[in-house]
Amino acid sequence: MATRVVATATVRALKGRKLLPTRAALTLTPAAVNRIKTLLQDKPDFIGLKVGVRQRGCNGLSYTLDYASSKDKLDEEVIQDGVKVFIDKKAQLSLLGTEMDFVESKLSSEFVFNNPNIKGTCGCGESFSM
């Protein structure tokens, strides 16, 4: 049985033209970078943090953060200012373009995800919908 050609493609090298940067999967603020460095400082078995999403809360989804000892095959790897953050395969589309920050107040200290893709959050800010 002969294979049918649906389309053809041509590749060209572009000289003198700069490519536009693509939208980053996840960007880290300096506060988040510093906090990740502090968290990993005493843990030589881990190479970074892994971000994921799971079904939970009143709005459907919430973020998960775990230590990562290796990069899984389908994880997206973000390296910024010497720290590595791995994005779980299931979370990649929901985190596209998100800024990860670390915020401290008198009552709490936490990572905050400033995500332009979410449609709504619950009152406590722990879960979100897309």
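Where a number appears in this text, it was derived from the coordinates with a stated rule and is not lab data. Source: prediction; values computed, not measured. Because the Cβ atoms are built from the backbone with ideal geometry, glycine has one as well, and the counts that use them run over all protein chains shown.
What to note about this one:
- Take the Cα of Gln41, step 7 Å toward its Cβ, do the same at Glu77, and the gap between the two points is 2.5 nm.
- With semi-axes defined as the square roots of five times the eigenvalues of the C-alpha gyration tensor, the equivalent ellipsoid of region 26-123 measures 21, 17, 12 Å, largest first.
- The charge dipole of region 26-123, taken about the Cα centre with unit charges on the Cβ atoms of Lys, Arg (+1) and Asp, Glu (-1), comes to about 280 debye, rounded to the nearest 20.
- Top positive-direction residue, dipole computed over region 26-123 with Cβ charges, set Gln92, Phe46, Leu107: Gln92
- Label-point gap, in nm, between Leu65 and Ser109 - each point 7 angstrom along Cα→Cβ: 1.1 nm
- Annotation: amide H-H contacts under 5 Å for Gly48 (H modelled 1.01 Å from N, sequence separation of 5 or more, or interchain): Ala68.
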